[in-house]
Structure formats: C-alpha cells, structure tokens
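Written below as structure tokens is the structure these notes are about.
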Amino acid sequence: MKLEMKDSPGQLVAALRPISDVGGNIIAVIHQREPGSHDGLLNVQIVLDLPERRLDELVGLLQKEGVHIQRIGRERLLYRRTVIMIGHLMHTDLSDTIDRIDSTGFAEVSELAMSMPAISERSSSRLTIKSVTKEDMERAIEILRSVSQEKDLLLIEPLEEMA
Amino acid sequence: MKIAVIGLGSVGRGVLETLAGKNIGLSVTGIADSKSGYIDPSGIDIKKVLMQKKKTGRCGDAGVTAMDVVREADYDILVEVSPTNATDGEPALSYMKTAIKRKKHVVTSNKGPIALAYKELKALAKKKGVALRHEATVAGAVPVFHTVEQGLAGNDIRAVFGVLNGTCNYILTRMAEEGLTYEQALLEAREMGYAEADPTYDVKGIDAAIKLVILANTIWGNGVTLDDVDRTGIDRLTPEAIRLAEEGDCTIRLIAEADKSSGLLRVSPRIIRKNHPLVVEGSLNAISIETDLAKEITLIGKGAGSIETASAIIGDLLFIAERYGRRP
C-alpha cells in the first residue's frame, strides 16, 4: 500500500505499529523524500502480508493515526458479495447497470455470469461485487436495489456475508 | 378442562381425531362449523360428530351458530380453528374477543386475527386473566413460541430467520432438483396438494409475511403490521438463476427475516449456502432464532397438515391445562 503521512519524527513508526497490531507481516518499507517536495508530507510504500479480512481494521487504525492511504495494491477490494439479477438485462442496458457500481469508485463488479434461454425471455445473471469496506458494500447493494426497481429487475441478495 | 372447537376444516378435524384417539384429559362441550353448531355440557361424543360431519357436511344443528357456541357453551378453552381471513380477521376475531370477555382461554391456528390484532387480544386476555396461545399459526407443528417463550425465557431474541411457507419451499426445491421452470414446479405443487388453485397468497410471500408479523409481534410486542414487511415473492424466479446460485454451492430459498435492532422485516428470495440449517427440502418449514445467551437455535418440522397442526394446538391446550386448570 502507498501511504502519505506528515514528515515529522515518530510518524513512520506510528504508521507501522497498526500493521503488527492486526497480525500483519511487513515485507518491505520504501520511502523516499523527493528533492522538490516542500509540503511537509512523506510518501511511503509498504509491502505487507495481512491475515484475511483484517484490512478494514488496519485502514481504520491508520486513518486514526492521521495517515492518508493513497493506494492499496492488488488485493485492495476485500469484501465480496454475490447477487443474482433476473429480468430483461440486455434490453435494460446491462453495461449501464454494471457501470453504476463501477463508477462509484468504492465498489466494482468483479465477476459476471449470464444465462439467456431465449431472446424474448428474461435472462438471469450472477454478479460478484467487491468493495473495500462493509459500509461501501452496503452502499453498492443499495444502488443495485434502486437500479433493479428502476429497470424492473428481480434482485436476489445473499442471506449472509460470503468470503 | 372443557373445550369448544370452532371450525371443522383440516385442523379442527385433526384436533378432534387426536382427542378421540388419545386420552389427554380434555372434554369437548361445544363444536361448530360454518353451517351448524352443537352444544353438550356433559361432553360430546367426538367420533359420532366426526362421522355425522362426513356424512352430512354438518357437525350439528343448523339452528345453532358458531357464535352461539362461543357465547353459550360451557367451556374453559376456545379452540378457534376456522378459515383465516387476512383482511379483517372476522368472524374469528369476534369469536376470540367474545370468549376472552367471558374469561375463557383461547387457542388458535388462525393467522388473520393474530396478525391483525395480537396486541389488542393479548391486552384483553391479560385484563381478564386468561391465556391466548397461537402456536399453530406459524410453522405448523414446529413449537416456535414454546421455544421462544418457555425454552428461551430470559434470552434477548435479536433476530429471526425462517422458511415459513411450505408451498414456496416445495417449488424452489423442485426447481433446484429437476431444473423445472417456476410454472412447471407450481403445477406439480398443485397436483401434490401443496398449492391452492390461486397461489398468489403463497408465491407472492404474503403468507410468509403474515407469519413474520406474528413472530415479531409475539417476540417483541412491537405492533408491526403486514404493511411494514418488505416483500418479494418467488414467482419471477428462473431455473437459470438457481443454477447460477448452485455453481457457488448455494441455492435460493424464500427467507423471512426480522431483526430487532434495525426493525427490518423482509420476505424475499435469497441466495443461501446449501449446507445452511435453513435449507430444508420439500414442504418443510425451518426457523432460526438468534439470541444473546443461546446464540443460534434452528427448528425444523412440518409446516402444515391436519394432525401436524393439531399437535401445536394440543400442546397449547395442555400448556393451559397445566398452568391454569386442574387436570381431571
């Protein structure tokens, strides 16, 4: 992850402590002071190994320390939820439906499976959505609920959180 | 103790057959169906009445109405098992109120009045010092209210999840097992006698929502109504959707959900793990209760059927007999 913090004594240690607090393992810390930078901020890249589902907690702890997270790498979206949508998915612009989630910036559709028995019949699709936090996931699902209502689609939500 | 039975449909007959076949210390002093009534303070010969009902379609005298039996018969407990009316609960609601005002206990399987007027009926019963029990209104034979009120006494019930409609569960099971379309599975459910000619009440989730309202009112006393339930039925489901769920080791079931803290009341088809305790087969019902002490408890059983529903009624009757009466 790429972090941005105040360039003052103790800040880096304060940013690293939460990682071990959530059971993470620091693999590398890269920080470079750019010559031209006078904004009093320090950019740090940390490569780490985190136990599953602890990222939210870490994000919260880092934010409490006043550390700004610029980017979280490959595994940045950790909450997954799979929903099923039934209806005239193509006629109601499936790519728009997906884009409503992707354009939020806090959630994205990561998988899509479709079944279309016949042109005039309703099709069924399974969408997997990923987000960084649970709250973001709730917001994404809320968007899907309103899109479903608007496009007369049947949205089937999972009963429980699935990893 | 003495009981009067109003309603001789499947449930009423189940109750009477059970009483005739088992010596459980209850005598019947009044019986009524929609067309006739019969009162005998010295105890009715149940087998004779059942036979007469079978032959003539009437259990008693056409000059005696159900309300006459409720008002005049000499009984301790009214067993109200007449057909349900989800709109205004009548005439059963009036029978229950009249009996309670006479300081008679009431046991019922009738969902309409309990969903519409539970708070009022409960308050009236409390004032008159009698019991109102309705185990049979939700999930047939499954003793959910005994579990919640007695077995889990002292627990804070946080949420309830249930598969409360056997017709929907049968349809969804068959769609999953055989890849049937919704229409094919509904047709099959009708042939098996699980679905009514007009399936709206079941497949639109109304029946499950009414049961959810009864659960929430009984457990939390929150006075919610059918309008408070966010409801989606199963009639727009496709076999393809179920197959897509199955690819992830899941299936789709109609789940009724009530949450205490958020106040959420919802009936909707949901994606659910195949090995989740609520995933039951065929027309079975299942209820999961989440509490602070016991954590999670799941009950599974027959949600309908004459004798199965009678089991819940008999359980209520004997509960009242033990708590209030002297067993003869």
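The values are calculated or read from the model by the stated rules, or taken from the named source; none is laboratory data. All of these numbers come straight from a predicted model, not from anything done at the bench. As a convention, Cβ positions derive from the backbone with ideal geometry for all residues, glycine included, and neighbour counts pool all protein chains shown. Calculation scope for accessible area: heavy atoms of the full protein, side chains included, ligands and nucleic acids excluded. Shrake-Rupley method; radii C 1.70, N 1.55, O 1.52, S 1.80 Å.
Given the conditions (1) surrounded by fewer than 18 Cβ atoms within 10 Å (Cβ to Cβ); (2) within 10 Å of chain A (Cβ to nearest Cβ); (3) touching a helix residue (DSSP H, G or I) at 6+ places or on another chain (Cβ under 9 Å), and given that B:GLY179 satisfies all but one, which numbered condition is not satisfied?
It fails just one condition, (2).
Being more than 21 Å from B:LEU152 (Cα to Cα), of a type in the set (S, T, N, Q) and open to solvent by less than 60 Å² (accessible area, probe 1.4 Å): is that true of B:THR291 here? Show your work before the answer.
Values: more than 21 Å from B:LEU152 (Cα to Cα): no; of a type in the set (S, T, N, Q): yes; open to solvent by less than 60 Å² (accessible area, probe 1.4 Å): yes.
So B:THR291 does not fit the description; no.
With respect to B:SER82, determine if the residue is within 18 Å of B:VAL144 (Cβ to Cβ), in the same structural domain as B:VAL15 (by TED's automatic domain parsing), in contact (Cβ under 8 Å) with a residue 60 or more places away in the chain and open to solvent by 10 Å² or more (accessible area, probe 1.4 Å).
On the way: within 18 Å of B:VAL144 (Cβ to Cβ): no; in the same structural domain as B:VAL15 (by TED's automatic domain parsing): yes; in contact (Cβ under 8 Å) with a residue 60 or more places away in the chain: yes; open to solvent by 10 Å² or more (accessible area, probe 1.4 Å): yes.
Considered against the rule, which asks whether it is within 18 Å of B:VAL144 (Cβ to Cβ), in the same structural domain as B:VAL15 (by TED's automatic domain parsing), in contact (Cβ under 8 Å) with a residue 60 or more places away in the chain and open to solvent by 10 Å² or more (accessible area, probe 1.4 Å), B:SER82 comes out as no.
Can you tell me which residues in the stretch A:114-161 are within 12 Å of chain B (Cβ to nearest Cβ), among the aliphatic types (A, V, I, L, M) and buried (at least 16 other Cβ atoms within 10 Å of the Cβ)? Step through it out loud before you land on a result.
In the first step, residues of the stretch A:114-161 are kept if they are within 12 Å of chain B (Cβ to nearest Cβ); the result is A:114-118, A:121-128, A:138, A:145, A:148-149, A:152-161.
Within this subset, residues satisfying the condition of being among the aliphatic types (A, V, I, L, M) are A:114, A:116, A:118, A:127, A:153-156, A:159.
Correct list: A:LEU127, A:LEU153, A:LEU154, A:LEU155, A:ILE156, A:LEU159.
Restricting attention to the stretch B:16-30, which residues are in contact with a strand residue (DSSP E or B) (Cβ under 6 Å, 6 or more places away or on another chain) and over 14 Å from B:VAL106 (Cβ atoms)? Even if it seems obvious, please write down each step before you answer.
So in the stretch B:16-30, the residues in contact with a strand residue (DSSP E or B) (Cβ under 6 Å, 6 or more places away or on another chain) come out as B:26-30.
Residues satisfying the conditions are B:LEU26, B:SER27, B:VAL28, B:THR29.
Could you list, in sequence order, the residues of the stretch A:5-14 that are modelled with pLDDT under 80 and either touching a strand residue (DSSP E or B) at 6+ places or on another chain (Cβ under 6 Å) or among the β-branched types (Val, Ile, Thr) (or both)?
Across the stretch A:5-14, the qualifying residues are A:MET5, A:ASP7, A:GLN11.
Check whether at least one residue in the stretch B:199-214 is of a type in the set (A, V, I, L, M), open to solvent by 60 Å² or more (accessible area, probe 1.4 Å) and touching a residue at least 60 places away in the same chain (Cβ under 8 Å), and report yes or no.
Start the filter on the stretch B:199-214 by keeping residues that are of a type in the set (A, V, I, L, M), which leaves B:203, B:206, B:208-210, B:212-214.
Keeping just the survivors that are open to solvent by 60 Å² or more (accessible area, probe 1.4 Å) gives none.
Within the stretch B:199-214, not a single residue is of a type in the set (A, V, I, L, M), open to solvent by 60 Å² or more (accessible area, probe 1.4 Å) and touching a residue at least 60 places away in the same chain (Cβ under 8 Å).
What's the number of the only condition in (1) of a type outside the set (Phe, Trp, Tyr); (2) touching a residue at least 12 places away in the same chain (Cβ under 8 Å); (3) out of contact with any Gly (no Cβ under 6 Å at 6 or more places or on another chain) that A:GLU160 fails to meet?
Here A:GLU160 meets the rest and fails (2).
Specify which of the listed residues (B:VAL229, B:VAL203) is in contact with a strand residue (DSSP E or B) (Cβ under 7 Å, 6 or more places away or on another chain), away from chain A (no Cβ under 12 Å), hydrophobic (A, V, I, L, M, F, W, C) and under 27 Å from A:HIS88 (Cα atoms). Walk me through how you get there before you give the answer.
Values: B:VAL203 fails: in contact with a strand residue (DSSP E or B) (Cβ under 7 Å, 6 or more places away or on another chain).
The unique qualifying residue is B:VAL229.
Given the criterion over 19 Å from the mean Cα position of the chain (by Cα), away from chain B (no Cβ under 14 Å), surrounded by 12 or more Cβ atoms within 10 Å (Cβ to Cβ) and of a type outside the set (A, V, I, L, M), identify the matching residue among A:GLU65, A:GLU108.
Values: A:GLU108 fails: over 19 Å from the mean Cα position of the chain (by Cα).
The match here is A:GLU65.
Identify all residues within the stretch B:232-253 that are more than 9 Å from chain A (Cβ to nearest Cβ) and surrounded by fewer than 18 Cβ atoms within 10 Å (Cβ to Cβ); write none if there are none. Before the answer, list the steps.
Narrowing the stretch B:232-253 to residues more than 9 Å from chain A (Cβ to nearest Cβ): B:233-235, B:246, B:249, B:251.
Result: B:GLU246, B:ASP249.
In the stretch B:31-40, how many residues are in contact with a strand residue (DSSP E or B) (Cβ under 7 Å, 6 or more places away or on another chain), part of a loop (DSSP other than H, G, I, E, B) and not polar (S, T, N, Q)? Steps first, please.
Taking the stretch B:31-40 and keeping what is in contact with a strand residue (DSSP E or B) (Cβ under 7 Å, 6 or more places away or on another chain), we get B:31-32, B:36-40.
Filter once more, so that each one left must be part of a loop (DSSP other than H, G, I, E, B): B:36, B:40.
From what is left, the residues that are not polar (S, T, N, Q) are B:40.
Count: 1.
Would you point out the residue of the stretch A:76-97, among those that are open to solvent by less than 60 Å² (accessible area, probe 1.4 Å) and part of a loop (DSSP other than H, G, I, E, B), that is modelled with the lowest pLDDT?
Out of the qualifying residues, it is A:LEU77.
(1) in contact with a Pro (Cβ under 8 Å, 6 or more places away or on another chain); (2) farther than 24 Å from B:THR137 by Cα; (3) not in a loop (DSSP other than H, G, I, E, B): which one isn't true of B:ASP74, the others all being true?
Unmet condition: (3).
Which of the residues that make up the stretch B:261-275 are open to solvent by 20 Å² or more (accessible area, probe 1.4 Å) and either facing chain A (nearest Cβ under 8 Å) or in contact with a helix residue (DSSP H, G or I) (Cβ under 6 Å, 6 or more places away or on another chain) (or both)? I'd like the intermediate steps shown before the answer.
Of all residues in the stretch B:261-275, those open to solvent by 20 Å² or more (accessible area, probe 1.4 Å) come to B:261-264, B:266, B:273-275.
If the condition is that a residue be open to solvent by 20 Å² or more (accessible area, probe 1.4 Å) and either facing chain A (nearest Cβ under 8 Å) or in contact with a helix residue (DSSP H, G or I) (Cβ under 6 Å, 6 or more places away or on another chain) (or both), then B:ARG273 is the only one that fits.
State all residues of the stretch B:272-328 that are part of a helix (DSSP H, G or I), of a type in the set (Gly, Ala, Ser) and over 17 Å from the mean Cα position of the chain (by Cα); if no residue qualifies, say none. Give the derivation first.
Applying the first criterion (part of a helix (DSSP H, G or I)) to the stretch B:272-328 yields B:306-324.
Filter once more, keeping what is of a type in the set (Gly, Ala, Ser): B:306, B:310-312, B:315, B:321.
B:ALA321, the sole residue that qualifies.
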